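Notes for the one structure printed next.
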Amino acid sequence: MKNEQERTGAETAELHVGGKPMRLVLEEPTAGDRGINIGRLRSETGLVTYDPGLANTASCRSAITYLDGENGVLMHRGYAIEDLAANCVFLEVALLLITGTLPNREERKQFTLLMNKNSMLHEGMIQFFDNYPENSHPMAILSAMVVSLSSFYPEIARFNGDLPLDETVTNLLSKMRTIAAFSYKKSIGEPFVYPSHKLYYCENFLNMMFSSPVADYQIDPVVEATLNKFLILHADHEQNASTTVVRGVGSSGTNLYASVAAGISSLWGPLHGGANQAVIGMLEDIRDSGKSIAQVVLQAKDRSNPFRLMGFGHRVYKTYDPRARIAKQTCRDLLTHLGISSDPLLDIAMELEETALADDYFREKKLYPNVDFYTGITYRAMGIPTNMFTVMFALGRLPGWIAHWLEMHNDPEQKLVRPRQIYVGQKPRPFVPIDERS
Ligand code: SDX
C-alpha cells in the first residue's frame with residue numbers, strides 16, 4: 001500500500017510508537033508554522049497529544065490574519081498592519097477581514113448606509129439598561145446585550161454565514177457600538193444620545209459618548225482619526241483566546257450573536273483584553289504608591305510574587321508587538337495635539353518600558369510591550385473611562401470575531417470542538433452509602 005507521502009506527495013513526519021513507525025502528513029502554509037496533521041493519531045496509535053493552552057497546536061486553517069511573532073509581523077488578508085493603520089478607516093478593515101478584499105468607494109458607501117440603517121437599538125432593549133446597577137461593568141452589559149440581540153432579531157438564529165451577510169453583520173457591528181456608548185451614558189446617569197445618520201462610525205461613537213443636551217460637542221478630527229487607528233489595531237489577531245472561544249461556541253451551531261457574546265466574556269480577562277484596563281491600574285498604583293520603577297520591575301521578576309507587568313509579554317510575539325509601536329507613537333501625537341505636554345502615566349509607562357527592556361529577565365524571556373501597554377493612556381486622553389477600555393478592545397475585535405465565525409462555518413473540515421484529556425483522577429472504587437461515610 002502506498003505510504004502517506006507517496007499518496008499525497010506531501011512531506012511527512014515519522015512517529016515511532018511501540019517500535020512501529022507512523023507517517024504523518026505535514027500541513028504546508030502560505031507563511032509561518034508548518035503543522036503535523038494528527039487526524040489519524042488516536043485511531044492508529046491510541047495516543048492523544050497534550051498541549052496546555054494549545055501553545056503548539058493549530059486548531060484550524062485560516063486565511064484571515066498572519067502573525068510572525070519572532071519578527072513582529074502582523075498582516076490581515078496579506079496587508080501589513082502598518083499600511084492599514086496609516087491609510088484606512090476602521091470599516092474598510094472590517095470589510096477586508098469579513099469579505100477578504102478592501103472595499104471600493106461604492107462598496108464602502110453602501111456598507112456605511114447599512115451601518116446607519118442598523119445603528120438603532122430595539123426600544124425594548126433600551127429598558128434593559130434601567131435594571132443594571134450604576135456600577136455594572138460595561139463588559140457585563142455588553143455581553144448580555146449582544147446575546148439578547150438574538151431575541152430581538154430572531155432571523156440571526158437562521159444565519160449560517162450565507163446572505164444576507166451584510167444585514168446580519170452590520171446589525172451586529174453597528175448595534176454593539178450603540179450598546180457600548182449607551183452603557184457609558186448609563187454609568188454617568190446621562191440621557192442616551194441616539195446614533196445619527198449624518199455621522200460616520202467613529203464620529204457617531206464619539207457623539208453618542210460625549211454629546212449632551214446641555215453642551216455643544218464638536219468632534220475633534222484628530223481624536224476621530226486616533227480612534228479609527230486604534231480600532232484597526234485591535235481588529236483581529238488570529239487564534240487568540242476570545243477568537244478561539246467564538247469559533248468553539250459557533251462550532252456547536254450557536255448563532256453568531258451568542259458566539260460573539262461568549263468571546264466578549266473571554267476578552268474581559270486581565271490576561272487578555274482586560275489587560276488595557278489593568279495597565280492603567282498598575283501605572284496609577286506606581287504613581288500613587290511612590291514605588292520606584294526598579295522596585296516594580298524587581299516585583300515583576302519575582303516568581304513567588306503573582307504581580308506581572310501588565311501590557312507586557314505575549315504568547316506569540318517574542319519581539320515588540322507592531323501594534324504597540326503604532327499605539328505608542330499615536331498616543332504621543334494625540335497628547336501633543338490635545339496640548340497635554342506631559343502625562344505622568346505616559347512618563348511612567350515609558351520609563352517602565354525602558355527599564356524592563358534593558359533587564360536580562362525580560363530580554364531572556366522575550367517580554368516586550370504588547371498592544372495593551374499604551375492604549376489605555378490614549379483612551380484616557382480621549383475622555384474614555386478606564387472601565388470602558390476593554391469595551392473599546394471588543395469594538396475593535398468584533399470584525400475579526402465575525403470573520404473567524406464565518407470562516408469556521410464555511411470550512412468543510414471544521415467540526416464540533418471537543419478536545420481529549422489526560423485523565424489523572426481516581427481509579428475505579430466501590431460506592432459508599434451516605435451513612436457509611438466519615
Ligand atoms: C492580548 O493572543 C493574542 O493575540 C492576544 C492579543 C490579541 O490581540 O488578541 O494580542 C491581546 O491579550 C495581549 C496580552 C495582554 N495581557 C497582558 O498584558 C497580561 C500580562 N502578560 C502576561 O500575563 C503574559 O505575558 C501572557 C498571558 C500575555 C502570555 O503568557 P504565556 O504565553 O502564557 O507565557 P507564560 O505566562 O508562561 O510566561 C512565560 C514566562 C514566565 O516565567 P517562567 O515561569 O518561565 O519563569 O514569562 C514570565 C512568566 O512568569 N512572564 C512575565 C510576564 N509575562 C510572562 N513576567 C512578568 N511580567 C509579565 N507581563
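The values are calculated or read from the model by the stated rules, or taken from the named source; none is laboratory data. Predicted model, so just to flag it, every value in this text is computed and none were measured. Because the Cβ atoms are built from the backbone with ideal geometry, glycine has one as well, and the counts that use them run over all protein chains shown. With ligands, DNA and RNA removed, areas are computed over all heavy atoms of the protein, side chains included. Shrake-Rupley method; radii C 1.70, N 1.55, O 1.52, S 1.80 Å.
What the table below lists for this structure:
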{"read-out": "Test result for Ile348, within 30 Å of Ile402 (Cβ to Cβ), outside any loop (DSSP other than H, G, I, E, B) and either in contact with a Leu (Cβ under 7 Å, 6 or more places away or on another chain) or near the ligand (Cβ under 10 Å from one of its atoms) (or both)", "value": "no"}
{"read-out": "Segment 149-189 - residue that is of a type in the set (S, T, N, Q) and over 21 Å from the mean Cα position of the chain (by Cα) and, of those, farthest from Ala258 (Cα to Cα)", "value": "Ser187"}
{"read-out": "Scan of segment 79-99 for residues that are of a type outside the set (A, V, I, L, M, F, W, C) and under 19 Å from the mean Cα position of the chain (by Cα), ordered by number", "value": "Tyr79, Glu82, Glu92, Thr99"}
{"read-out": "Residue check for Thr226: within 12 Å of the ligand (Cβ to nearest atom), in contact (Cβ under 8 Å) with a residue 60 or more places away in the chain, part of a helix (DSSP H, G or I) and polar (S, T, N, Q)", "value": "no"}
{"read-out": "Candidate set: segment 81-96, residues that are assigned to a helix (DSSP H, G or I) and over 13 Å from His234 (Cα atoms); chosen: the one most open to solvent (accessible area, probe 1.4 Å)", "value": "Asn87"}
{"read-out": "In segment 193-223, the residues that are farther than 22 Å from Thr112 by Cα and either touching a Phe, Trp or Tyr at 6+ places or on another chain (Cβ under 7 Å) or among the acidic types (Asp, Glu) (or both)", "value": "Asp216, Tyr217"}
{"read-out": "Single residue of Leu102, Leu121 found to be more than 20 Å from Ala181 (Cβ to Cβ) and part of a loop (DSSP other than H, G, I, E, B)", "value": "Leu102"}
{"read-out": "Pairs with Cβ under 7 Å, 6+ apart, first in segment 8-22 and closer than 20 Å to Arg42 by Cβ, second of a type in the set (Asp, Glu)", "value": "Thr12/Glu4; Pro21/Glu14; Met22/Glu44"}
{"read-out": "Selection count where residues are out of contact with any Asp or Glu (no Cβ under 7 Å at 6 or more places or on another chain) and open to solvent by 50 Å² or more (accessible area, probe 1.4 Å), scope segment 356-386", "value": "8"}
{"read-out": "Tally, over segment 246-280, of residues that are more than 11 Å from the ligand (Cβ to nearest atom), closer than 23 Å to Thr168 by Cβ and of a type in the set (A, V, I, L, M)", "value": "8"}
{"read-out": "Matching residues in segment 25-79 - criterion: being open to solvent by less than 70 Å² (accessible area, probe 1.4 Å), out of contact with any Leu (no Cβ under 9 Å at 6 or more places or on another chain) and part of a helix (DSSP H, G or I)", "value": "Gly53"}
